[in-house]
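Could you have a look at this structure, given as C-alpha cells, before my questions?
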Amino acid sequence: MFLYFLIDTSGSMDGIKINSVNDTMDNVISELKFYSDRLDMSISVLSFARKAKWMYKQPMKINDFTWNILTASGMTSLGDACKQLARNINKHVNDEEVTIVLISDGFPTDDFDEGIEKLESCLSKKTSNRYAIALEGADTLTLDKFTGDNDNVFELGELERLMEVILSVIGTPRNQGMHGITDSDAYSGWD
C-alpha cells in the first residue's frame, strides 16, 4: 500500500494547529513502525502552502521514514498539491492500493478544479481511498470534492483527536480495518 499525506501548511495553520499536526504525525509514524512487520506500506508526505513541497523525493518504506517538522505560512495551493500528487502516483505506483489523507483548515487559493481533475484521472485506474480531516475553518465543500464521498470527510473540533482519526482511516492492526470511524461520526465535529 502507498500512503500519502497532504498537509496544509498555509498561514492559517500557524501556531497550535501545525504544532499539533507535527506532534501527531511523529506519533503516527512511530505507531506504523511498530506494526511494520504486518504492514507492507510506503509513505509520502506533501505539504502545501504557496507551493507544494515533498518531504522526501519519493515514497519510502515506513521503517526508513522520519518525520520532519513542518512550518506554516503563505497561501493554500491545494490544486498544485493535487497535480504533484498525481504525477508522483503515476511515477511510483503500479498495482498497489493508494490511500490519501488530506489535513486542512482552509480553502484553495489556486486552481483546485484543474488539480482535482488530474488526480481523479490518475486514480481512475487504481484502487484508492481518499480521506480528508477538516480542522477548524476548513472548506468542507472542497474536501467533499477531494474525497468524492462526504462520508470520508471528518470535521475535527478537538485537535487531541487527530491521531485517533488518522489511525482509524488508514487502518492499523490496532484499529482493525480501514473504516474504523462510523458514518455517524462524519461531520460530527468530534465535540
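The values are calculated or read from the model by the stated rules, or taken from the named source; none is laboratory data. All values derive from a computational prediction rather than experimental measurement. Here the Cβ is made from the backbone with ideal geometry for all residues, glycine too, and neighbour counts use every protein chain on show.
For Ala86, indicate whether it is in contact with a Cys (Cβ under 8 Å, 6 or more places away or on another chain), crowded, with 17+ Cβ neighbours inside 10 Å and under 23 Å from Thr142 (Cβ atoms). Walk me through it before giving the result.
Values: in contact with a Cys (Cβ under 8 Å, 6 or more places away or on another chain): yes; crowded, with 17+ Cβ neighbours inside 10 Å: yes; under 23 Å from Thr142 (Cβ atoms): yes.
So Ala86 fits the description; yes.
Of the residues that sit in segment 30-46 and are in contact with a helix residue (DSSP H, G or I) (Cβ under 8 Å, 6 or more places away or on another chain) and in a loop (DSSP other than H, G, I, E, B), which one is farthest from Ala86 (Cα to Cα)?
To start, the set of residues in segment 30-46 that are in contact with a helix residue (DSSP H, G or I) (Cβ under 8 Å, 6 or more places away or on another chain) comprises 31-33, 36, 39, 41-46.
With in a loop (DSSP other than H, G, I, E, B) added as a condition, the list becomes 36, 39, 41.
Details: Ser36: 26, Leu39: 23, Met41: 18 Å.
It comes out as Ser36.
Going by the structure shown, is Val101 assigned to a strand (DSSP E or B), closer than 27 Å to Glu164 by Cα, in contact (Cβ under 8 Å) with a residue 60 or more places away in the chain and not polar (S, T, N, Q)?
Criteria met by Val101.
In addition: Return a yes/no flag: does segment 59-77 have any residue that is part of a loop (DSSP other than H, G, I, E, B), over 15 Å from the mean Cα position of the chain (by Cα), at pLDDT below 95 and farther than 21 Å from Thr109 by Cα.
Within segment 59-77 (the criterion being part of a loop (DSSP other than H, G, I, E, B), over 15 Å from the mean Cα position of the chain (by Cα), at pLDDT below 95 and farther than 21 Å from Thr109 by Cα), the answer is no, since none of the residues qualifies.
Return the residue satisfying two criteria in turn: it lies in segment 109-121 and is at pLDDT 95 or above and of a type outside the set (Asp, Glu), and of such residues it is farthest from Met13 (Cα to Cα).
Here the residue is Ser121.
Only residues in segment 62-81 that are farther than 19 Å from Leu102 by Cβ count as the first member; pair them with residues that are in a helix (DSSP H, G or I) and among the aliphatic types (A, V, I, L, M), Cβ under 7 angstrom, at least 6 apart or cross-chain, and list the lot.
Listed pairs, sorted by first residue: Ile62/Leu32.
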